Structures are given as C-alpha cells and as structure tokens.
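Notes follow the structure.
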Amino acid sequence: MGRKKKPIWAVVAADSRAPRDGKFIEDLGRYYPLEEPARVELKDERVKYWLKVGAQPTDTVRSLLRQQGVLLGLHLERKGAEPEAVTEAVSAHQQHRQDKLKGSVKATVSELRQQALDAEEKEAVKQETALLEKRKKAAAAAAEAKARKKEAAEEAEAESKTEAEVEDAPSEASS
C-alpha cells in the first residue's frame, strides 16, 4: 500500500495458499515504517483471536506484535493471569518501549531548523546583554573619570588660590 517512496504495510489475516497481494480474510491494521518513530495501528482483540485459532504471523509481523505487547498479553492470558495483571503488564511494556524510542528518535529537518534558530536567538540575546554591560561599565568609567578630572581641577584651582594668597600677603621677613 502507500505510494512511491512512502510505503504503508497492511497487516492482514490471509489463507497461506493465497498469493502475497491477493485475497485476504480480514484486515488487522497498518504499519507506517517511515514515520519517526515507526507507527503501528492494530486491532489487538482481532489479532489475538487469529493467533488463538492458529494463525502463524510472518517474522516481520511477529516482531511488530512483540513490540506492541500483543504477544506478551497473549502469553500471559494463556498462563492464566488475571485481566488486570495482563493490562498492567502490557501497558508497562508499551511505556518502556516509548521511553526507549524517545531517546533514539531522529529530529526532522524542521525541528533541526527550529533548534538552530533558537540557538541563534539565544546567542544574539547573550551578545546584546554583554554589549549592554560593556556600555554600562564604559559610562560608569567615563563618569568616574569626569569626576576625577573635576576634583583635580578644583584642587588645582584651590592650590592656585593659596599660592596667590601667599604671594599677595606681605612678607614679614622682609620688613
């Protein structure tokens, strides 16, 4: 099923004598292998029914059923486990599988592009804050230098006044 370069596989119950793409008894679900992560949609109860009546899954379908926890549920049912225990075990298996897949999922092109844009934006904000800090420091240094210059000018003026007073004052030693 699907189209060129985009396969979709049908999971069906078929007579072993039927051709591969020929007549089938019942459609049990779909497998989308190119999605990240690969998606499987199954009618679990119907799959279990067919397995109970003797259907033999292909290797690929057996792998899909194992990944989805269908074979685990069927095994526990055959062992006589309670339905709540079976449901709990299957959901725990599926949760473990999802957690495992989250770490191995490849990022799509749009996600990579978005990550790059976010990184650029963070870098721009970082540079902008650094520039503002430099400007603040430069302004503070300029204000401090201006204050020092003013103090130096006031001191020089005060010194010149004291020198002028000393020169203007009549000297007692010469009289």
Residues being surrounded by 14 or more Cβ atoms within 10 Å (Cβ to Cβ) and out of contact with any helix residue (DSSP H, G or I) (no Cβ under 7 Å at 6 or more places or on another chain) - total across the stretch 11-23: 2
Qualifying residue in the stretch 9-32 (condition: at pLDDT below 85, more than 36 Å from the chain's Cα centre (by Cα) and among the polar types (S, T, N, Q)): yes
Every pair of residues 6+ apart whose Cβ atoms lie under 8 Å, when the first sits in the stretch 8-20 and is assigned by TED's automatic domain parsing to the domain that holds Y32 while the second is surrounded by fewer than 12 Cβ atoms within 10 Å (Cβ to Cβ) and of a type outside the set (K, R): I8/M1; W9/M1; A10/M1; A14/G22; S16/Q56
Some residue of the stretch 57-80 being at pLDDT 90 or above, surrounded by 10 or more Cβ atoms within 10 Å (Cβ to Cβ) and over 30 Å from I8 (Cβ atoms): no
Hits in the stretch 1-51 - residues which are under 30 Å from T108 (Cβ atoms) and part of a loop (DSSP other than H, G, I, E, B): M1, K4, K5, I8, P33, L34, E35, E36, P37, A38, K43
Candidates P83, P37 - the one that is within 27 Å of M1 (Cβ to Cβ) and in contact with a helix residue (DSSP H, G or I) (Cβ under 9 Å, 6 or more places away or on another chain): P37
Per-region count, the stretch 52-80, residues not in a helix (DSSP H, G or I) and not hydrophobic (A, V, I, L, M, F, W, C): 6
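The values are calculated or read from the model by the stated rules, or taken from the named source; none is laboratory data. If you're wondering where the values come from, they're calculated on a predicted model, not measured in any experiment. Note: ideal-geometry Cβ built from the backbone for every residue, glycine included; neighbour counts use all protein chains shown.
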